[in-house]
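S.K.: Okay, handing you the structure first.
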Amino acid sequence: SIVGRIIAGLLCDRFPSEAAYSFYGASIIAALVVLMLLRPGGNQFSFFLYPVLFGLGAGGIGVIGIIAAAEIFQGPKYATVQGMMSLGWGIGSGIGPVLGGWIFDVTHSYQIAFAVAILVTIASSASLWLAAPRAFRRLLRVPAA
């Protein structure tokens, strides 16, 4: 995730945060698809590919979420927004594994849990596109002298 975090800032300097966030979301989705395709005795490469893809995506998404929030909510309320985002991430981090375990207990498979994680990742990217930090970024640009 360290590499994902470092590259995230560079991407946001060159591209809208929505695009960078979607790139990292796609990395997480690819990692989840790798997990969905794993089979006992299957391709050993997949066991190494998953942590690289997931680490890249998870590291980058965390950083870009903060950048996008700063683009939209500049000023004295930003700390409150960041606190609420951290609370939401914490709640999701607590509920996700419990929900995944429950799904496994009921279905004896993680496939549905991975599919839910993919849908949540897609929803988070779509939400950022709807929030449109790029529009706020345009409003804040100072014309060149």
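The values are calculated or read from the model by the stated rules, or taken from the named source; none is laboratory data. All values reported here derive from a predicted model rather than from experimental measurement. Please note: Cβ atoms are built from the backbone with ideal geometry, for glycine as well, and neighbour counts cover all protein chains shown. Surface areas here come from the heavy atoms of the whole protein model, side chains and all, with no ligands, DNA or RNA. Shrake-Rupley method; radii C 1.70, N 1.55, O 1.52, S 1.80 Å.
S.K.: Can you pull out the residues in the stretch 38-54 that are at pLDDT below 90 and not small (G, A, S)?
M.R.: L38, R39, P40, N43, Q44, F45, F47, F48
S.K.: Right, something else. Would you mind stating whether A113 is open to solvent by less than 60 Å² (accessible area, probe 1.4 Å), among the aliphatic types (A, V, I, L, M) and under 19 Å from the mean Cα position of the chain (by Cα)?
M.R.: Against the criterion (open to solvent by less than 60 Å² (accessible area, probe 1.4 Å), among the aliphatic types (A, V, I, L, M) and under 19 Å from the mean Cα position of the chain (by Cα)), A113 qualifies.
S.K.: Checking A68 against (1) more than 17 Å from V120 (Cα to Cα); (2) among the small types (G, A, S); (3) open to solvent by 60 Å² or more (accessible area, probe 1.4 Å), only one condition comes out false. Which one?
M.R.: (3) is the only condition that A68 fails.
S.K.: On to the next question. If I filter the stretch 39-49 for residues that are surrounded by fewer than 16 Cβ atoms within 10 Å (Cβ to Cβ), of a type in the set (K, R) and more than 28 Å from F15 (Cα to Cα), do I get at least one hit?
M.R.: Looking through the stretch 39-49, at least one residue is surrounded by fewer than 16 Cβ atoms within 10 Å (Cβ to Cβ), of a type in the set (K, R) and more than 28 Å from F15 (Cα to Cα).
S.K.: Open to solvent by 50 Å² or more (accessible area, probe 1.4 Å) and either more than 17 Å from A117 (Cβ to Cβ) or among the polar types (S, T, N, Q) (or both): is that true of Q82 in this structure?
M.R.: no
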